[in-house]
1. If I model a spin label as a point 7 Å beyond the Cα along the Cα-Cβ vector, how far apart are those points for residue 136 and residue 19 in nm?
2. Give me the one-decimal nm value for the distance between modelled label points at residue 106 and residue 129, 7 Å along each residue's Cα-to-Cβ direction.
3. Find the Rg to Rh ratio for the stretch 2-73, where Rh is the Kirkwood radius over alpha-carbon pairs and Rg uses the same atoms.
4. What net charge do the residues around residue 4 carry, taking every other residue with its C-beta under 14 Å from that of residue 4, with Lys and Arg at +1 and Asp and Glu at -1?
5. Based solely on its DSSP helices, what 222 nm [θ] is calculated for the chain when runs of n ≥ 4 H residues each add -39,500 (n - 2.57) and the sum is averaged over all residues, nearest 500 deg cm²/dmol?
6. With charges set only on the Cβ (+1 for Lys and Arg, -1 for Asp and Glu), what does the dipole of the chain come to about its Cα centre, in debye to the nearest 20?
7. Using alpha-carbon pairs under 8 Å, 6+ residues apart, how would you state the relative contact order of the chain in percent?
8. Across the chain, what fraction of all alpha-carbon pairs, as a whole percent, falls in each successive 5 Å bin from zero upward?
Amino acid sequence: MERYPLTEKDKELIKIGLQVLANNFDDGVYNHTVGCAVLCKNGNIYKGVNCDGIHGSCAEYITVGIAISSGEREFDTIVAVHEKHHNCVIPPCGNCRQMLFEYCPDIKVIVNDENGNLIKVKARDLLPFAWEPVIC
Ligand SMILES: [Zn+2]
């Protein structure tokens, strides 16, 4: 698994995710408890928070959906955040790993490594032997 060091832009992405969460935080009614920011290849940045509900949607899903709805198709880096997590970064859940793998397998995901240091890894490396759609 290839690992990439964080850039200044990645640190900015974390701050943007924390800001959108701070602006929309709710741990009572709507449970907006995770922020997310995604950097597109063209430099555009989109942000979002999770939406709770009977099935709910993770912040990564919401944020990638906002980016796609705005016409984006090429993604560079994504991060999910909450200030109480180590280095403020939350790794994507299994469902989000699958979504990222299907939409943008080469997107870099900011995570904590086994030593607690922030790194970036490709979505495809977060989901070995992933399910892939079969095109007949
Ligand atoms: Zn998720």
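1. Simple spin-label model gives 4.9 nm for this pair.
2. It works out to 2.6 nm between the two label points.
3. That ratio is 1.01, to two decimals.
4. Working: positive: 3, 9, 11, 108, 120, 122, 124; negative: 2, 8, 10, 76, 106, 113, 125.
Taking every Cβ under 14 Å from that of residue 4, the sum is 0.
5. Working: 3 runs with 38 residues, N = 136.
That calculation yields -9000 deg cm²/dmol at 222 nm.
6. Values: 13 positive and 18 negative charges, 38 e Å.
Magnitude of the dipole: close to 180 debye.
7. Values: 263 pairs, mean separation 29.8, N = 136.
Contact order relative to length: 22 percent.
8. 2, 11, 21, 25, 21, 13, 5, 2, 0, 0
Values in this text are rule-based calculations from the coordinates and carry no lab data. Note that the structure is a prediction, hence the values are computed from the model and not measured. Please note: Cβ atoms are built from the backbone with ideal geometry, for glycine as well, and neighbour counts cover all protein chains shown.
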